[in-house]
Amino acid sequence: MATIQKKAVLTQNAPQPIGPYSQAIQAGGFLFCSGQIALDPASGQVVGTDVETQTRRVLDSLKAVVEAGGASLDQVVKTTIFLKSMADFPKVNEIYAQYFKGVAPARSTVEVARLPKDVLVEVEAIAAL
């Protein structure tokens, strides 16, 4: 069985992992980005109480991780959005469209019972390198 080479990605421009995981992993020509929540990279504190502010912080952090991994948001091929409330979908979708222009990635959006630190939104991504 062939061993897949993998490399961890870490940037100070996104929140540091709060558990035993990497911000992203480069493997097999792809970048697998862990879910980002609305944490300030400097303080580690939750940013904002509304879904718009949190979504912007999440996507700024995701962009930083993707770039640290040697890609750009244009190279993202798949995202998953986790929402505390599907009622927030239109607001999140509007902000998301500002970050992913051109050919949009494939995407799933799901409502979940609870997210880390009780945030309103989390986004993970896969980018082609």
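Taking a ≥ b ≥ c as the square roots of the eigenvalues of the Cα gyration tensor of region 6-128, is the shape rounded (a/c under 1.5), prolate (a/b larger than b/c) or oblate?
Working: a/c = 1.68, a/b = 1.20, b/c = 1.40.
In terms of gyration-tensor shape, oblate.
Which of PRO90, PRO15, PRO41 ends up with the largest GNM mean-square fluctuation for the chain, with Cα atoms connected below 10 Å?
Sorting by GNM fluctuation, first place goes to PRO90.
222 nm [θ] for the chain, helices only, -39500 (n - 2.57) per DSSP H run of 4+, per residue, to 500?
Details: 2 runs with 29 residues, N = 129.
So the helix-based figure for the chain works out to -7500 deg cm²/dmol.
So how do TYR96, TYR21 line up by other beta-carbon neighbours within 10 Å, fewest first?
Details: TYR96 21, TYR21 11.
The most exposed by this proxy come first: TYR21, TYR96.
Springs between alpha-carbon atoms under 10 Å, Gaussian network over the chain: tell me which of LYS63, LYS91, LYS78 tops the mean-square fluctuations.
LYS91
Each reported figure results from applying straightforward, stated rules to the coordinates on display, with no laboratory input. Only a predicted model underlies this, so the values are computations on that prediction, with no experimental measurement involved. Using ideal geometry, Cβ is built from the backbone for each residue, glycine included, and neighbour counts are taken over all protein chains shown.
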